[in-house]
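Inspection log for the structure reproduced underneath, given as structure tokens.
The values are calculated or read from the model by the stated rules, or taken from the named source; none is laboratory data. Not measured: the values here are computed from a predicted model. For neighbour counting, all protein chains shown are included, and Cβ atoms are generated from backbone atoms with ideal geometry for every residue, glycine included. The protein model used for the area step is the full one, side chains on, heavy atoms only, and it has no ligands, DNA or RNA in it. Shrake-Rupley method; radii C 1.70, N 1.55, O 1.52, S 1.80 Å.
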Amino acid sequence: MSDTRFTKDHEWLRLDGDIVTVGITDHAQEALGDVVFVELPEIDREVEEGEACAVVESVKAASDVYAPLAGKVVETNQAIVDDPSLVNGDAMGEAWFFKLEIADAAAFEALMDEEAYTAFLAAEE
Amino acid sequence: MPAGDSDAEHLSLTPDQPLATTPLDALHRELGARMVPFAGYAMPVQYDLTGALAERCKGGVLAEHLHCRAQASLFDVSHMGQARLDGAAPAQALEALVPGDIAGLKPGRQRYTLLTNEAGGIIDDLMVANPGEDIFPGGGLFLVVNASRKEIDIAHLRAELRDAATVTPLDDRALLALQGPAAAAVMARLAPAAAALPFMGFAAVIVGGAACYVSRSGYTGEDGFEISVPAHQAEALARLLLDQPEVAPAGLGARDSLRLEAGLCLYGNDLDEVSTPVEAGLTWTIGKRRKMAWDFKGGLVIRDQLGNGATRLRVGLRPEGRAPARAGTTIVDAEGNDAGTVTSGGFSPTLNAPIAMGYVRRDLSADGSRVFLMVRGKPLPAAVVPMPFVPHRYIR
């Protein structure tokens, strides 16, 4: 998973060409508890870095999911809308949220890698 | 994405203040509880269960909720306030402060009632039991009040009752709730006398060697028991209950979703000092005899409101789609005019759909009325529906 990057908002990103796939981390789904609702952005929406563009709700609370990088939404994962419990089951894999077309691949590289995220989690404890 | 723990957190005191613990604190942690601050206490919001308990219920709010509806769940509600009210005629004295028929409460019976203020608002909702002469000599009453309101309630009772009755907080007792369709079978095994209680019955019963006060009541909509136990015996009793094959622990998260499905009010969300029993749909708590004299705090205000109709009423809400509408969500009518506020809202594990309750303008309070819930700036259509959302299964 060396090509996976992470944010302080507990999201993960994977880059393929100029398309980045975004999801929430296993730590995030664990902290949220049972996910019961997901709302995803419209296709073609232009988002700024840090802009709230999806929602994930557990039985306990609602949380925003932010665009980790600026870009355009090119695909969303209807499977997690239809069955939100997938987010608890496979947060780092099948239960991705959306794909962004990004202009600046360097910004991706600048995000935390897995080692840095693990250290970030440890410091947050 | 903040790793939010509980929307119950807004009820807690400042996080800097050291939290109180219940007598089951060590057990919660041993069982894998996620502890959160609630009303000044460290309380389990949910469990990550392991071992034999995990085979019954994997833990987490959904699984704990569904286990309670299917089997029996053990809740620690020791944060709630237990108190004794003694005096020459404590029932008559208390009637000045509540709309319920307390003097008519027979020995061994319990009743849900409200502490009201002069404006007809609700200071707290509470359970009042008449344990009987053999348990509380002199006609003393047993009270259970909300954790977040206990200091306020006790100060109010003392200030108003003065010499008519004395209030003694029972801080040396824990409170456990055993709830669910299998609760009676569990109790029949451990304490047959408790299992024989009728709904809202109350008795002093030895359970697992501990001298308990048991009532046939709860706050989940299921049959069940609330067990007041001496603090030093609480953990042993909880372990005995968890040893029963039907029982799994459940946290405050499941307790909240269960009571919402049952259409029951949470003080601080659905009830407060400005909401009245008429607005809250709790006029059934006003005793028949009390409706002759209206001689309780705010009685005349409540009488007038009952006659003229309240301007807003508490209703059940079923949002269309799957998005939950949380407490604080604004309710609007078809024209976009302000129509009220959601006071409790979340996801119903039993119905696999969002549910909510809130106060709406009277003209929108009839079942079937269409309203809109402003969720993230968008009007989400919802129907006004009768409560409970999930039928009560109290023993009758």
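Size of the dipole of region B:84-170 about the Cα centre, Lys and Arg at +1 and Asp and Glu at -1 on the beta carbon, nothing else charged, in debye to 20?
Values: 8 positive and 12 negative charges, 32 e Å.
Value, rounded to 20: 160 debye.
Determine ³J(HN,Hα), in whole Hz, for all residues of region B:186-199 in sequence, where each value follows from phi through the Karplus function 6.51 cos²θ - 1.76 cosθ + 1.60 and θ = phi - 60°; x replaces Gly and Pro.
Result, rounded to whole Hz: 5, 5, 4, 6, 9, 7, x, 5, 6, 5, 7, 5, x, 4.
Quick check on chain A: take the gyration tensor over C-alpha atoms, sort the square-rooted eigenvalues as a ≥ b ≥ c, and tell me if it's rounded (a/c under 1.5), prolate or oblate. Please report the intermediate quantities before stating the final value.
Details: a/c = 1.70, a/b = 1.10, b/c = 1.55.
Here chain A falls in the oblate category.
Give the accessible surface of region A:4-119 per residue, rounded to a whole number of Å², with probe radius 1.4 Å and ligands, DNA and RNA excluded. If you can, show how the numbers build up before the last one.
Details: 4770 Å² over 116 residues.
About 41 Å² of surface per residue is accessible.
Return the carbon/sulfur percentage of the accessible area of chain B, one whole number, probe 1.4 Å, all protein chains in place. List each step's numbers first, then the result.
Details: 8310 of 15120 Å².
C and S atoms contribute 55 percent here.
Taking H placed 1.01 Å from N in the peptide plane, check which residues at least 5 places from A:GLY50 or on another chain put their amide H under 5 Å from its amide H.
When sequence neighbours closer than 5 places are left aside, the close amide H contacts are A:ALA67, A:LEU69.
Partner chain Cβ atoms within 10 Å, averaged over the residues of A:32-45 - can you pull that number for me? The partial results should precede the final answer.
On the way: counts 5, 12, 10, 2, 12, 6, 2, 6, 0, 0, 0, 0, 0, 0.
Averaged over the peptide's residues, the number is 4.
Long-range amide H contacts for B:ASP124: which residues qualify at under 5 Å (H placed 1.01 Å from N, peptide plane, sequence gap of 5 or more or a different chain)?
When sequence neighbours closer than 5 places are left aside, the close amide H contacts are B:LEU115.
For the interface of A with B, what's the total buried accessible surface in square angstrom, probe 1.4 angstrom, rounded to the nearest hundred?
Details: alone 6510 and 16160 Å², together 20690 Å².
That pair hides around 2000 Å² of surface in total.
Calculate one ³J(HN,Hα) per residue across region B:245-253 by plugging θ = phi - 60° into the Karplus curve 6.51 cos²θ - 1.76 cosθ + 1.60, and present them in order as whole Hz with x for glycine and proline.
x, 7, 9, 9, x, 9, x, 5, x
Around B:PRO349, under 10 Å between beta carbons, what's the net of Lys plus Arg minus Asp minus Glu among the other residues? Intermediate values should be presented prior to the final figure.
Working: positive: B:ARG69; negative: A:ASP34, B:GLU64, B:GLU261.
Surrounding charge for B:PRO349 is -2.
Out of residues 5 or more away from A:GLU75 or on other chains, whose amide H comes under 5 Å of its own, with H placed 1.01 Å from N in the peptide plane?
It is A:LYS99, by chain and number.
Among B:LEU178, B:LEU161, B:LEU241, which one moves the most in a GNM of chain B with springs linking Cα atoms closer than 10 Å?
B:LEU161
Using the heavy atoms of the protein chains alone and a 1.4 angstrom probe, what is the accessible area of region B:311-385 per residue in square angstrom? Could the numbers behind the result be given before it?
Working: 3010 Å² over 75 residues.
Value for region B:311-385: 40 Å² per residue.
Just B:GLY132, B:GLY51, B:GLY298 to compare: in a GNM of chain B, with alpha carbon springs under 10 Å, which one fluctuates most?
Evaluated over chain B, the most mobile residue of the options is B:GLY51.
Relative contact order for chain B using alpha-carbon pairs under 8 Å, separation at least 6, rounded to a whole percent? Display every interim value, and only then the final one.
Working: 937 pairs, mean separation 65.6, N = 396.
Here the relative contact order equals 17 percent.
Could you grab the relative contact order for region B:282-396? Cα pairs under 8 Å, six or more apart, rounded to a whole percent.
26 percent
How big is the antiparallel share of DSSP beta bridges in the protein assembly as shown, given as a percent to the nearest 5?
Working: 107 of 112 bridges.
Around 95 percent antiparallel, to the nearest 5.
Under a cut-off of 23 Å between alpha-carbon atoms, report the lysines in cross-link reach of B:LYS288, not counting same-chain residues fewer than 8 places apart.
Result set, ordered by chain and number: B:LYS106, B:LYS297.
What distance in nm lies between label points placed 7 Å from Cα along the C-beta direction at B:ASN308 and B:MET292?
With each label point 7 Å from Cα toward Cβ, the separation is 2.7 nm.
Compare B:ARG29, B:ARG255 by solvent-accessible area with a 1.4 Å probe and give them largest first, with all protein chains kept in place.
Details: B:ARG29 125, B:ARG255 35 Å².
If we order B:ARG29, B:ARG255 from most to least accessible, we get B:ARG29, B:ARG255.
Classify chain B as rounded, prolate or oblate, taking a ≥ b ≥ c as the square roots of the eigenvalues of its Cα gyration tensor: rounded when a/c is under 1.5, otherwise prolate if a/b is larger than b/c and oblate if not. Before the final figure, lay out each step's value.
Values: a/c = 1.69, a/b = 1.08, b/c = 1.56.
In terms of gyration-tensor shape, oblate.
May I ask you to evaluate 6.51 cos²θ - 1.76 cosθ + 1.60, the Karplus curve with θ = phi - 60°, for each residue of region B:76-92 and list the ³J(HN,Hα) values in order in whole Hz, giving x for glycine and proline?
Working through the residues one at a time gives 8, 10, 5, 5, 5, x, 10, 8, 10, 10, 10, x, 5, 8, x, 5, 4 Hz.
Accessible area per residue for region B:223-295 in Å², computed with a 1.4 Å probe and the full protein assembly in place, what is it? Let's see the in-between values first.
Numbers: 2460 Å² over 73 residues.
Here the residues of region B:223-295 average 34 Å² of exposed surface.
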